[in-house]
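K.L.:
Below: one structure in structure tokens.
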Amino acid sequence: MSINGDWYLILAAALFAIGAVGLLVRRNVLVMFMCIELMLNAANLTFVTFSRMLGDIGGQAVVFFVLVVAAAEVVIGLGIVVTIFRRRVSTTADDLHVLKG
Amino acid sequence: MVHAAFLMPLFPLVGFAVLLTLGRRIGDPWAGWIGTAAIAGAFVAACVTFAGLVGEPASTREFTQTFFTWIPVGGLQVKAALYIDPLSMTMCLFITGVSMLIHLYSIGYMKGDRDYSKFFVYLNLFVFSMLVLVLANNLLVTFVGWEGVGVCSYWLISYWFQSESNASAGKKAFIYNRIGDVGFLLAMFLIFSKAGSLDYSVIFAHKDLIGGGVATAAVLLLFLGACGKSAQIPLFNWLPDAMAGPTPVSALIHAATMVTAGVYLLCRVSPILQLSPDADWVIAIVGVSTAFVAMTIATSQQDIKKVLAFSTVSQIGYMILAVGCGAYTAAIFLMVCHAFYKGLLFLGAGSVIHGTEDEQDLKRLGALRKVLPWTFGTFIFGWLAISGIPPFSGFWSKGDVLDNVFAKSPVLWAIGLVTALGTAYYMTRLFYLTFYGKARWREPAPDRPAHHTPHESPWVMRIPLIVLAVLASVAGFIDLPVGGLDFFNTWLDPVFAGSLYNDHEHSLTVWALSVTDAAVAVLGLFIAWRIWRVRADRPEFEPRFLQRVWYWDDAYDAIFGRPGEALARFSATVIEGRIIDGAVNGVGSLVRVTSTKARRFQTGYVRNYALAIALGLALIIAFMVSRVWWS
């Protein structure tokens with residue numbers, strides 16, 4: 001039994017929206033990170049879905065690249081977050097606005 | 001033997017290099033001896049070359065020594081080469097000879113100076129440049145030497161630059177010379193555009209290509225250059241101020257050699273001068289005017305060196321007058337004799353200044369004949385020579401010039417004769433005020449105390465005085481106005497063939513003119529003797545108009561100085577302050593105002609940036625959807 005591809009796309013859109021809204025409304029840096037991951041994987045799901053629907057392996061190949069880049073990004077991002085938390089007590093993103101103009 | 005010519009400029013160049021690198025370590029007095037030895041080497045080289053040249057038959061007494069091609073650009077081929085002919089040879093002989101004596105004199109005169117070796121560095125470089133100037137085989141290399149002597153002159157006038165007035169005297173000399181240099185450069189361009197070369201030999205071979213109008217323009221532009229370098233009207237004002245330099249510099253550069261470079265240049269290009277009779281008239285008139293004006297000023301100056309400076313301007317005016325009359329040999333003859341007697345007079349004045357601890361005011365000298373016997377004894381010869389008393393050199397050389405001028409125009413001759421009268425007058429005034437009368441240096445002046453008894457100069461300073469006194473006395477005999485005894489005339493004949501000579505005059509005329517010259521000289525001498533023998537204070541003979549140099553500097557100040565200053569002030573306040581600064585500051589404040597507004601967007605909150613990205617994305621999607629919708 002195979003499920004219609006549309007459902008995958010709807011799921012991906014829902015995941016993306018959850019991630020985007022979460023990024024905008026949450027203050028905790030770790031949660032924001034998780035939201036970003038959610039959005040990335042929503043995009044990956046879209047790629048895979050289209051790859052299957054169109055019978056083109058290119059979409060799945062792109063997913064691997066996205067996964068690698070996401071992994072690297074997480075390493076750097078978490079490193080920065082940990083460094084910041086060592087120096088500061090609070091954990092909200094709004095406290096980190098030293099780069100404001 | 002003529003191939004020793006390259007040694008002439010080489011010796012001073014080596015001396016310059018050695019003194020430049022090691023001078024400070026060598027110090028006083030050996031740096032001076034090295035400098036003198038370098039010039040002595042050049043003098044020996046000049047004598048050897050001369051002997052070689054005399055050995056040749058008269059028609060082949062010229063050769064070119066090429067070292068390398070300096071500027072090989074298409075049609076412009078400039079070679080670094082020396083051109084030796086009787087004219088450049090004559091120049092080299094007296095330049096190296098007089099320079100050697102003045103270097104020797106400087107060893108004593110500059111003793112104890114702070115920058116002793118630096119003085120000889122400049123002096124050696126000057127002699128090198130001067131030799132490049134006279135030996136060059138093309139206009140451009142001549143110009144290199146021309147600028148070289150100019151910059152050495154600037155350095156040496158401002159030698160004691162701690163005083164503001166000395167520094168500005170140097171600047172004045174340099175700027176006046178720049179005006180002349182523009183003329184020289186333009187003349188060079190003009191000649192190159194017509195003749196297609198800068199080599200003298202090529203230019204003279206193709207002089208037919210230079211038309212009448214162009215020739216007049218080229219000659220007048222060259223003459224402008226000569227006016228700057230040789231201190232002629234309207235550019236003569238720098239020379240009196242140049243007396244701010246040490247006295248040996250005044251003797252060497254501002255009397256004997258450099259200031260005559262303009263006369264040399266005009267003689268060098270004499271074939272082009274002959275193309276334009278109009279320009280020759282201009283040259284003659286400017287020359288005689290300068291001679292006359294400078295003579296009148298010299299009669300009223302207080303400063304011993306200023307009198308000699310205006311006298312130099314006046315004498316060079318005679319040389320220029322001779323050039324304008326086509327009497328190039330007479331001009332060079334006067335130049336050589338002038339180098340001897342004016343060098344002697346300046347060195348004598350230097351000896352007086354040295355002995356009285358820097359007293360230059362004629363009204364504070366007097367009665368020095370007893371305390372400075374050697375200076376006095378040698379000065380007599382210089383005084384009689386420049387006054388034109390027979391049989392000293394000035395009589396023969398000035399007489400030669402005046403004879404030629406008489407052949408061209410009796411009016412110019414009459415002005416020249418009046419100038420000769422004035423020359424005898426002001427030199428006698430100087431002589432009596434310095435060596436006779438009361439010993440005014442014994443009385444204290446309002447601004448300075450009485451002097452101790454002046455002291456005679458050391459022997460290194462006396463020897464040049466004696467040698468120059470001998471030369472100033474006998475140099476006239478190289479060119480007597482009698483057939484068969486005019487050696488100098490015969491020697492220079494291959495260079496100036498075809499120009500006007502006084503042997504065209506009837507010998508009776510020459511005799512009459514000579515007697516007139518001598519009578520006028522004696523008359524001038526007598527008048528000054530009557531006036532200045534006893535009293536030094538005769539204001540009625542020193543009108544303010546003459547003391548202020550015909551208000552010439554004041555006129556330049558009013559015509560060029562003040563409008564220039566006003567323009568500079570306008571530029572500084574309005575153009576610089578409002579327009580240029582306004583534009584720069586306007587751009588700055590525009591950026592500041594914009595960025596003050598724009599910085600509000602940078603809040604530092606991640607969620608704001610995320611929202612901006614989301615909104616932007618939404619806009620892009622909306623745009624694309626709308627395109628799909630309505631297509």
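K.L.:
Exactly one of (1) under 25 Å from B:THR66 (Cβ atoms); (2) of a type in the set (Gly, Ala, Ser); (3) part of a helix (DSSP H, G or I) is unmet by B:SER197. Its number?
P.N.:
It is condition (3) that B:SER197 fails.
K.L.:
Which numbered condition in (1) under 27 Å from the mean Cα position of the chain (by Cα); (2) in a helix (DSSP H, G or I); (3) over 25 Å from B:SER106 (Cβ atoms) is the only one that B:HIS3 fails?
P.N.:
(1)
K.L.:
A further question on this structure: Within segment A:16-45, how many residues are more than 14 Å from every other protein chain (Cβ to nearest Cβ) and farther than 22 Å from A:LEU78 by Cα?
P.N.:
1
K.L.:
Here is a further query. Can you tell me how many residues within segment B:98-137 are closer than 30 Å to B:PHE204 by Cα and either in contact (Cβ under 8 Å) with a residue 40 or more places away in the chain or in a loop (DSSP other than H, G, I, E, B) (or both)? I'd like the intermediate steps shown before the answer.
P.N.:
Our first condition is that a residue be closer than 30 Å to B:PHE204 by Cα; within segment B:98-137, this holds for B:126-137.
After this cut, where a residue has to be either in contact (Cβ under 8 Å) with a residue 40 or more places away in the chain or in a loop (DSSP other than H, G, I, E, B) (or both) as well, the list is B:126-128, B:130-137.
Of the residues in that region, 11 qualify.
K.L.:
Something else: Would you please name the residue that is farthest from the other protein chains (Cβ to nearest Cβ), looking only at residues in segment A:59-101 that are in contact (Cβ under 8 Å) with a residue 40 or more places away in the chain and polar (S, T, N, Q)?
P.N.:
Restricting to residues being in contact (Cβ under 8 Å) with a residue 40 or more places away in the chain and polar (S, T, N, Q), the top hit is A:THR91.
Matching residues to (1) more than 24 Å from B:VAL482 (Cβ to Cβ); (2) buried (at least 19 other Cβ atoms within 10 Å of the Cβ):
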position	(1), (2)
B:PRO391	no, no
B:LYS398	no, yes
B:PRO410	no, no
B:GLY416	no, yes
B:GLY422	yes, yes
B:ALA439	yes, no
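K.L.:
Out of B:TYR426, B:TYR436, I need the residue that is within 29 Å of the chain's Cα centre (by Cα) and either closer than 16 Å to B:ILE304 by Cβ or of a type in the set (S, T, N, Q) (or both). Which one?
P.N.:
On the way: B:TYR436 fails: within 29 Å of the chain's Cα centre (by Cα).
On inspection, the qualifying residue turns out to be B:TYR426.
K.L.:
Turning to a different aspect of this structure: When you look at B:GLY112, is it of a type outside the set (Lys, Arg) and either surrounded by 24 or more Cβ atoms within 10 Å (Cβ to Cβ) or in contact with a Pro (Cβ under 6 Å, 6 or more places away or on another chain) (or both), yes or no?
P.N.:
Considered against the rule, which asks whether it is of a type outside the set (Lys, Arg) and either surrounded by 24 or more Cβ atoms within 10 Å (Cβ to Cβ) or in contact with a Pro (Cβ under 6 Å, 6 or more places away or on another chain) (or both), B:GLY112 comes out as no.
K.L.:
Kindly indicate which of B:TRP30, B:TRP70 is in contact (Cβ under 8 Å) with a residue 60 or more places away in the chain and not assigned by TED's automatic domain parsing to the domain that holds B:ASN489.
P.N.:
B:TRP70
K.L.:
Related question: Only one residue in B:ALA598, B:ALA622 is assigned to a helix (DSSP H, G or I) and within 14 Å of another protein chain (Cβ to nearest Cβ), so which one is that?
P.N.:
B:ALA598
K.L.:
While we're here: Which number in (1) part of a helix (DSSP H, G or I); (2) under 17 Å from B:GLY355 (Cα atoms) marks the one condition that B:PRO454 misses?
P.N.:
All conditions are met except number (1).
K.L.:
Return only the number of the condition from (1) outside any helix (DSSP H, G or I); (2) among the aliphatic types (A, V, I, L, M); (3) within 26 Å of B:ASP537 (Cβ to Cβ) that B:ILE386 does not satisfy.
P.N.:
(1)
K.L.:
Could we say that A:ILE36 is over 10 Å from the mean Cα position of the chain (by Cα), under 17 Å from B:ALA610 (Cα atoms) and either touching a residue at least 12 places away in the same chain (Cβ under 8 Å) or part of a helix (DSSP H, G or I) (or both) here?
P.N.:
Values: over 10 Å from the mean Cα position of the chain (by Cα): no; under 17 Å from B:ALA610 (Cα atoms): yes; either touching a residue at least 12 places away in the same chain (Cβ under 8 Å) or part of a helix (DSSP H, G or I) (or both): yes.
No.
K.L.:
Applying the selection to segment B:357-367, what residues are touching a residue at least 60 places away in the same chain (Cβ under 8 Å) and either of a type in the set (Asp, Glu) or not assigned by TED's automatic domain parsing to the domain that holds B:HIS451 (or both)?
P.N.:
Correct list: B:GLU357, B:GLU359.
K.L.:
Can you pull out the residues in segment B:347-368 that are within 13 Å of B:ALA469 (Cβ to Cβ) and of a type in the set (A, V, I, L, M, F, W, C)?
P.N.:
Hit for segment B:347-368 is B:LEU347, nothing else.
K.L.:
Is there a residue in segment B:388-408 that is touching a Lys or Arg at 6+ places or on another chain (Cβ under 7 Å) and assigned by TED's automatic domain parsing to the domain that holds B:ALA521?
P.N.:
Yes, segment B:388-408 has at least one match.
K.L.:
Here are B:ASP303, B:ASP278: which of them is at pLDDT 90 or above and surrounded by fewer than 21 Cβ atoms within 10 Å (Cβ to Cβ)?
P.N.:
B:ASP303
K.L.:
Could you tell me whether B:GLY245 is in contact with a Phe, Trp or Tyr (Cβ under 9 Å, 6 or more places away or on another chain) and surrounded by 23 or more Cβ atoms within 10 Å (Cβ to Cβ)?
P.N.:
Yes, satisfied.
K.L.:
Which one of these is free of Cβ contacts under 8 Å to residues at least 40 places away in the same chain and small (Gly, Ala, Ser): B:ALA217, B:ALA251, B:ALA226, B:ALA231?
P.N.:
The match here is B:ALA217.
The values are calculated or read from the model by the stated rules, or taken from the named source; none is laboratory data. Just so it is clear, the structure is predicted and the values come from calculations on it, not from any experiment. Every residue, glycine as well, gets a Cβ built from its backbone with ideal geometry; the counts of neighbours run over all protein chains shown.
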